[in-house]
Amino acid sequence: MFKGKFIDNLPKIYGTYTGGFLVFIILMAIAEQAGMTAKTIGILFVAFTVCIYAFIGWMSRTVQVDAYYVAGRSVPTVFNGMATAADWMSGASFVAMAGGIYFGGYTYMAFLIGWTGGYILVSSLLAPYLRKFGCYTVPDFIGTRYGGNLARFCAVVVLTLASFTYVTAQINATGTIAARALSIPFELGVWVGLVSILLCSMLGGMRAVTWTQVAQYIVLIIAYLLPIFWISNKGGYGFFPHLMLGEEVARLGELEAQFGLVKNAAADVKAAGVPGGLKSISLPHSEVPAGGMAAWKFISLVICMMVGTASLPHILMRYFTTPSVKAARKSVAWSLFFIALLYTSAPMLATLSKLSLMDPNLATGIIGKDISAVMSIDWVQAWTAQKQAFIADFNGDGILQLNEWFMRGDVVVLSTPEVAGLPYVISGLVAAGGMAAAMSTADGLILAIANALSHDVYYKIIDPKADVRKRLLVARGLLIVIGAAGAYIASMRITSILGAVAWAFDFAMSGLFFPLVLGVWWKRATRQGAIAGMITGLASGTAYLIYVYPKFMGNPAWLGIDHLRFGIIGASVCLVVMVVVSLMTPAPDSSTQKMIDEVRIPTGKTILGKQH
Amino acid sequence: MSNKEKHWEKTKGNMFLTLALWFFFGYIIFMFGESLNSASFLGYPLAYYMCAQGSIVAFVIILFWSANRQEKIDEECGFAERGEDD
């Protein structure tokens, strides 16, 4: 059926795969009509997709170093774009983003701008140059550009801290989804999730992760877009929701004015017994909050997310896999294209699900209705039983007010198909999509940490004479250890105190952004400068986080820089220290200068050899 | 000026131009979000629209445009890669 090399057949292979997946969805829909239970459909969806990823992972097994670390540098532009998009869009993006917009409106949407605009920094400042450098990992670049094991080691520390903060949240998400879909306890779900993740990456490293991520992207984007278009068409909001929800956004403004946006006092919420993590709507959907401070809070969050994006190693390393420098650059553009398909849809999903709950003229509306009537709705009962939703009649009038309906952010994506009355097959599809999103990000992150530890710490610092077999053995062993550590922490259910996903961005930007960028763009940057910058940047950022985070010291935020934005402090300190120390120390020698000149042009050999 | 220096000057120019556009769509317009929202586009309040779609689409276009521009610069200065294309 497929002649020639695997790479030449990619469009055919993934085309067949997509077709097969669509056929599977249709089969499930038919089975649902024939009376298959919701539970069986959920299990089949998750099991079927995970088996396919595991199959791809097994097919991509390798014993080559460059295949293991950088997929043999042969991933075509568009496919690398898809893989990056899956790598990027985490369980949080898939499940929580629409929920964030649902509760936070315009204010939350700063994340959308931050998580997309960062790719312009990646493309114009870093990706093509790191590709030309020919490194296997991000610390590989730092270690070679600045020279010395200390610089390399500092980069490994920042990478590990940032990626590990991120990965526990992902394993947590796979556990939640696996537990729900397979009807097993959460603690077991976490380990099932981990095994699925390792099946994708263990045998083939970057090569296997690349080809499973492409497959995961296809599943997650179908799972995200299909319900939105379906609901929009079914409800008569327009056949192309992205361009046609203007009226609905305006209607939400009217409804907010009608019901009133009330922020509940924390004491009232506690007294009513609202389970933790549940929120009510208290911020306007499309209205821009007034004043300079609100604008600064928006912009400062955008800065952190953008700069953090450009410093996260699991994203940067995806661009080491393209065949050329030119392809790396184009590939960044394709990545953002594929990411934008989901990100521009999240506000539409939030709008639709908010409207379907808030508009009393709709059959699905619950706000402003009798609480006893609302409590008898099936999905309300199901979600309240799971402590994912809650009703607190503060004013005791028996009518559900906007500030009396509490819900968990994740529920917005997971429940919308059900609320809108779509068949269960769509809910099963959404579960498979969420699983794909969480698994693909977890894979990329675990691989980034394990590769840095195996290549930079073990091979470059501890045992430079290790042979290929031993290096790959160590790399795979570390993969299991790091995955297990992440799963263990996730299964202890302490992720809520580990803080937000946003912290990963702040850690990464505090320690890595300027050493990476100045390494390419400023020849005068020295080893001492880079080391001092990484250490002081990370230390000051972390110190500020401890100073300001409510669960640690809880001091008032300085200039609105709260715990989500501590990277601004870290990165500024890093920049100043790095420049000052660099200028105080002797300029890098001529061979380093020449190396930087070479990095800046696309042609010629990579700085580091094909196998190193 | 050697070919390499010329190439780097032009590359820097492209980088600054790209980042200027990035700064406009990522920051400048949101500094004026409050007043922008009184205008509307496709029926959406303008600042909301830029946040939900406008700026994101602009970023995608900027990336493709800038990558093409950089390829032309590489071509012009004789640093375009051959043989191992995508």
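Within the range B:36-86, take every residue that is touching a residue at least 60 places away in the same chain (Cβ under 8 Å) and loosely packed, with under 14 Cβ neighbours inside 10 Å and give me the one that is nearest to the other protein chains (Cβ to nearest Cβ).
Among them, the one singled out is B:Gly78.
Would you check if B:Asn37 is of a type in the set (S, T, N, Q), closer than 30 Å to A:Thr321 by Cα and at pLDDT below 95?
So B:Asn37 does not fit the description; no.
Just one of (1) touching a helix residue (DSSP H, G or I) at 6+ places or on another chain (Cβ under 6 Å); (2) within 24 Å of A:Leu445 (Cβ to Cβ); (3) of a type in the set (Val, Ile, Thr) trips up A:Ile561, so point out which.
Going through the list (1) touching a helix residue (DSSP H, G or I) at 6+ places or on another chain (Cβ under 6 Å); (2) within 24 Å of A:Leu445 (Cβ to Cβ); (3) of a type in the set (Val, Ile, Thr), A:Ile561 breaks only (2).
Can you confirm whether the range A:545-564 contains a residue that is within 24 Å of A:Asp140 (Cα to Cα) and not aromatic (Phe, Trp, Tyr)?
No, the range A:545-564 contains no residue that is within 24 Å of A:Asp140 (Cα to Cα) and not aromatic (Phe, Trp, Tyr).
Restricted to the range A:143-179, and to residues that are within 24 Å of A:Thr441 (Cα to Cα), of a type in the set (A, V, I, L, M) and modelled with pLDDT of 90 or more, which residue is surrounded by the fewest Cβ atoms within 10 Å (Cβ to Cβ)?
Restricting to residues being within 24 Å of A:Thr441 (Cα to Cα), of a type in the set (A, V, I, L, M) and modelled with pLDDT of 90 or more, the top hit is A:Val157.
Confirm whether A:Ser540 is at pLDDT below 90, of a type in the set (S, T, N, Q) and either in a helix (DSSP H, G or I) or within 13 Å of A:Ala162 (Cα to Cα) (or both).
no
For residues that are within 19 Å of A:Gly147 (Cα to Cα) and touching a Ser or Thr at 6+ places or on another chain (Cβ under 9 Å), scanning just the range A:545-583, find the one that is surrounded by the fewest Cβ atoms within 10 Å (Cβ to Cβ).
Among them, the one singled out is A:Leu583.
Take the range A:288-337 and flag every residue that is in contact with a strand residue (DSSP E or B) (Cβ under 9 Å, 6 or more places away or on another chain) and either at the interface with another protein chain (Cβ under 7 Å from one of its Cβ atoms) or without any contact (Cβ under 8 Å) to a residue 24 or more places away in the chain (or both).
Result: A:Val288, single match.
For the range A:193-209, does any single residue satisfy the condition of being touching a Cys at 6+ places or on another chain (Cβ under 8 Å), in a helix (DSSP H, G or I), buried (at least 24 other Cβ atoms within 10 Å of the Cβ) and not hydroxyl-bearing (Ser, Thr, Tyr)?
Yes, the range A:193-209 contains at least one residue that is touching a Cys at 6+ places or on another chain (Cβ under 8 Å), in a helix (DSSP H, G or I), buried (at least 24 other Cβ atoms within 10 Å of the Cβ) and not hydroxyl-bearing (Ser, Thr, Tyr).
How many residues does the range A:504-544 hold that are among the charged types (D, E, K, R) and either under 25 Å from the mean Cα position of the chain (by Cα) or crowded, with 24+ Cβ neighbours inside 10 Å (or both)?
1
Among the residues of the range A:584-598, count how many are surrounded by 15 or more Cβ atoms within 10 Å (Cβ to Cβ) and within 14 Å of chain B (Cβ to nearest Cβ).
Final tally of qualifying residues: 3.
Can you name the helices (runs of 4 or more DSSP H) wholly within the range A:219-275 that have at least 1 residues being small (Gly, Ala, Ser), modelled with pLDDT under 85 and within 29 Å of the chain's Cα centre (by Cα)?
The helices (runs of 4 or more DSSP H) meeting that bar are A:246-259.
Considering each residue of the range B:1-35, count those that are within 30 Å of A:His285 (Cα to Cα) and more than 9 Å from chain A (Cβ to nearest Cβ), and give that number.
5
The values are calculated or read from the model by the stated rules, or taken from the named source; none is laboratory data. This structure is a prediction, so every number in the text was calculated from the model and none was measured. Positions of Cβ are generated from backbone atoms using ideal geometry, with glycine treated the same way; all protein chains shown enter the neighbour counts.
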